[in-house]
Amino acid sequence: MIYIIDSVKIPWREAPPPLPRYGKILHDGVQNPQVALVSIGLFKFKPSQYGLPHTHKKEVEMFFTIAGTGTLVIDGNDYQVKPGTLAIVPPGIEHHPVNNGDNDWHYLAIFTPAFDMSFINEWKPCSP
């Protein structure tokens, strides 16, 4: 089966305080086992927004910046990213995103094997 996903039709969702940020699930391979090798989310961080440091036990997480700039803190090191940059974080490496720029930062988070992204559906719908 072929899947064509129109991200415009997928609503944005806002993470709860104390760390507001925005996301939408483009594909969750855990919830759709026909394409179980990958999960993809689109994220938006406004200036000063950030995510908590975390690791993934078995998933590689790839960050592909679409718009804006940001910082990926990976294993204690800061990496500046801009549109067109791809960062690949292996399993077990602590990392987190930070928007310390002046504009919104949009990036794709791509996980393989698939990562359960269903928690994003618990975030409130919004129009960031």
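Only the coordinates and a few stated rules stand behind these numbers; no lab work does. Bear in mind that the values here come from a model prediction, so they are computed numbers and not experimental data. Neighbour counts run over all protein chains shown; Cβ positions are idealised from the backbone, glycine included.
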Please give the peptides 92-98, 59-65 ranked by average Cβ packing (other Cβ atoms within 10 Å per residue), highest first, as a rough proxy for protection.
59-65, 92-98
Please list 8-20, 102-114 highest first by mean number of surrounding beta-carbon atoms within 10 Å per residue.
102-114, 8-20
Residue among Ile93, Trp105, Val60 farthest towards the positive dipole end of the range 43-128, charges placed on Cβ
Trp105
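If you average the sequence gap of Cα pairs under 8 Å that are 6 or more apart and divide by the length of the range 34-128, what percent do you get for the contact order? Let's see the in-between values first.
Details: 218 pairs, mean separation 40.4, N = 95.
43 percent.
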Could you calculate the FRET efficiency of Ser7 with Val98 from 1/(1 + (r/R0)^6), where r is the beta carbon distance between them and R0 is 41 Å, rounded to 0.05?
0.95
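State to the nearest 20 debye the size of the charge dipole of the range 31-120 about its Cα centre, where the only charges are +1 on K and R beta carbons and -1 on D and E beta carbons. It would help to have the intermediate numbers written out before the result.
Values: 5 positive and 8 negative charges, 31 e Å.
Rounded to the nearest 20 debye, it is 140 debye.
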Name the residue farthest towards the positive end of the dipole of the range 1-77 from the options Ala36, Gly70, Tyr3, assuming +1 on Cβ of Lys and Arg, -1 on Cβ of Asp and Glu, about the Cα centre.
Gly70
To one decimal place, what Kirkwood hydrodynamic radius in Å is obtained for the range 52-91 from all pairs of distinct Cα atoms?
10.8
In the chain, lysine pairs with alpha-carbon atoms under 14 angstrom apart (chain gap of 8 or more, or interchain)
4
For the range 31-120, what is the largest minus smallest coordinate of the Cα atoms on each principal axis, given in angstrom and ordered from greatest to least?
40, 23, 23
